[in-house]
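The values are calculated or read from the model by the stated rules, or taken from the named source; none is laboratory data. Since the model is a prediction, treat every value here as computed from it, not as a measurement. Methodologically, a virtual Cβ is constructed for each residue, glycine included, from the backbone with ideal geometry; neighbour enumeration extends over all protein chains shown.
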Amino acid sequence: MRFGKYLLSFLWRSWVFLFFVFTQIFFLPALFLFTNLLPSKKQIFKISKLWSKCLLFFSGILVRRELSKKIEKNKTYIICSNHVSSLDIALVYSTANIPLIFIGKSEITKFPIFGYYFKKNSISVDRQNLRDSYNAYVKAKQVVKKEISVCVFTEGGIPKPEVRLRRFKNGAFKIALESGTDILPVVIYDNKKRFPWSYFKGSPGISRVKYLDPIQIRNFDKNDLKKLNNFVFDKIDQELKVNENIERTNKSA
């Protein structure tokens, strides 16, 4: 029974990977146009949003989004999200109602096709390289001034499965404080079980994401880096705790 379950998960994950490659090739002409000939990060966002919706839909993942009514479409934000799966980028792209780019690890740029366009249209960073980290920090401050939001997975990577939420890195909060940009916290609930790191686990199903009320940066001064970090962490952690309690109650019912 367990072998059959593992086999089905492996076959499903293989399908997701193959469809990921197929959609990248399908959208290649549009990506090339708005990356190399008529550069436009907002157009790239629209293409990425459509690509993500196709990927998730044809992978059998049903997205459920809860969106704060206080999000202003004409503003830019530093979007801070927890990170639980390699499908998180697609989930955020597919549900965001404002144009955005990602700050991500430089390892992503090594993927064929996707890596090239990620490097061109997002901000890649090698966190082991201080100079590279500083350059990414400067680029991010420039980007939010050009009317496009920046999304950061503030844990700095995907934590171990047993960890609910790893302590946040400071980079996103430095950018927010120094650029005067409000923070938009995002909570991803289900991707950890939908598409975990294990090749033999995962399944189609519902994947929920919640965009919380924006946090006004004017309520913090430039010396409040740790305070801001903890404040955003507590907001996201509390949402995850509530969700865990609900799931635990449902299982025992």
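May I ask you to verify whether S9 is part of a helix (DSSP H, G or I), among the small types (G, A, S) and loosely packed, with under 14 Cβ neighbours inside 10 Å?
On the way: part of a helix (DSSP H, G or I): yes; among the small types (G, A, S): yes; loosely packed, with under 14 Cβ neighbours inside 10 Å: no.
Against the criterion (part of a helix (DSSP H, G or I), among the small types (G, A, S) and loosely packed, with under 14 Cβ neighbours inside 10 Å), S9 does not qualify.
Just to be sure, is L165 in a helix (DSSP H, G or I) and more than 13 Å from the chain's Cα centre (by Cα)?
Details: in a helix (DSSP H, G or I): no; more than 13 Å from the chain's Cα centre (by Cα): yes.
When the stated conditions are applied, L165 does not pass them.
Just one of the numbered conditions (1) without any contact (Cβ under 8 Å) to a residue 12 or more places away in the chain; (2) part of a helix (DSSP H, G or I) is not true of K42: (1). Quick one: which of E155, E147, E107 is on the phi > 0 side of the Ramachandran plot and either surrounded by fewer than 20 Cβ atoms within 10 Å (Cβ to Cβ) or at pLDDT 90 or above (or both)? Just one listed residue meets the conditions, E147. Pairs linking a residue in segment 119-133 that is free of Cβ contacts under 8 Å to residues at least 12 places away in the same chain and closer than 24 Å to N36 by Cβ to a residue that is part of a helix (DSSP H, G or I) and not charged (D, E, K, R), with Cβ atoms under 7 Å and 6 or more positions apart or on different chains, are K119/T109.
Within segment 147-162, the set of residues being part of a loop (DSSP other than H, G, I, E, B) and in contact (Cβ under 8 Å) with a residue 24 or more places away in the chain comprises E147, I148, T154, E155, G156, G157, I158, P159, P161.
For K193, state whether it is assigned to a loop (DSSP other than H, G, I, E, B), surrounded by fewer than 21 Cβ atoms within 10 Å (Cβ to Cβ) and basic (K, R). Walk me through how you get there before you give the answer.
On the way: assigned to a loop (DSSP other than H, G, I, E, B): no; surrounded by fewer than 21 Cβ atoms within 10 Å (Cβ to Cβ): yes; basic (K, R): yes.
It is false that K193 is assigned to a loop (DSSP other than H, G, I, E, B), surrounded by fewer than 21 Cβ atoms within 10 Å (Cβ to Cβ) and basic (K, R).
Under the condition of being aliphatic (A, V, I, L, M) and closer than 21 Å to F45 by Cβ, which residue from segment 133-144 is surrounded by the most Cβ atoms within 10 Å (Cβ to Cβ)? Looking at residues that are aliphatic (A, V, I, L, M) and closer than 21 Å to F45 by Cβ, I get A140.
Could you go through segment 34-55 and let me know if any residue there is among the polar types (S, T, N, Q), loosely packed, with under 12 Cβ neighbours inside 10 Å and in contact with a strand residue (DSSP E or B) (Cβ under 9 Å, 6 or more places away or on another chain). No; the residues of segment 34-55 include none that is among the polar types (S, T, N, Q), loosely packed, with under 12 Cβ neighbours inside 10 Å and in contact with a strand residue (DSSP E or B) (Cβ under 9 Å, 6 or more places away or on another chain). Close Cβ contacts (under 7 Å, 6 or more residues apart or on different chains) running from residues in segment 88-100 that are charged (D, E, K, R) to residues that are assigned to a helix (DSSP H, G or I) comprise D88/N191.
For the condition assigned to a helix (DSSP H, G or I) and in contact (Cβ under 8 Å) with a residue 60 or more places away in the chain, A172 qualifies.
The set of residues from segment 230-248 being of a type in the set (F, W, Y) and either in contact with a Ser or Thr (Cβ under 9 Å, 6 or more places away or on another chain) or over 19 Å from V152 (Cα atoms) (or both) comprises just one member, F233. Would you confirm whether any residue within segment 12-23 is hydrophobic (A, V, I, L, M, F, W, C) and under 18 Å from V143 (Cβ atoms)? No, segment 12-23 has no match at all.
Pairs linking a residue in segment 6-32 that is farther than 17 Å from K53 by Cβ and touching a residue at least 12 places away in the same chain (Cβ under 8 Å) to a residue that is surrounded by 13 or more Cβ atoms within 10 Å (Cβ to Cβ) and basic (K, R), with Cβ atoms under 7 Å and 6 or more positions apart or on different chains, are S9/K201.
Residue-by-condition table, conditions (1) over 26 Å from S106 (Cα atoms); (2) in contact with a helix residue (DSSP H, G or I) (Cβ under 8 Å, 6 or more places away or on another chain):
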| site | (1), (2) |
| --- | --- |
| K139 | no, no |
| E162 | no, no |
| V187 | no, yes |
| S203 | yes, yes |
| D213 | yes, no |
| N229 | no, yes |
| E247 | yes, no |
| S252 | yes, no |
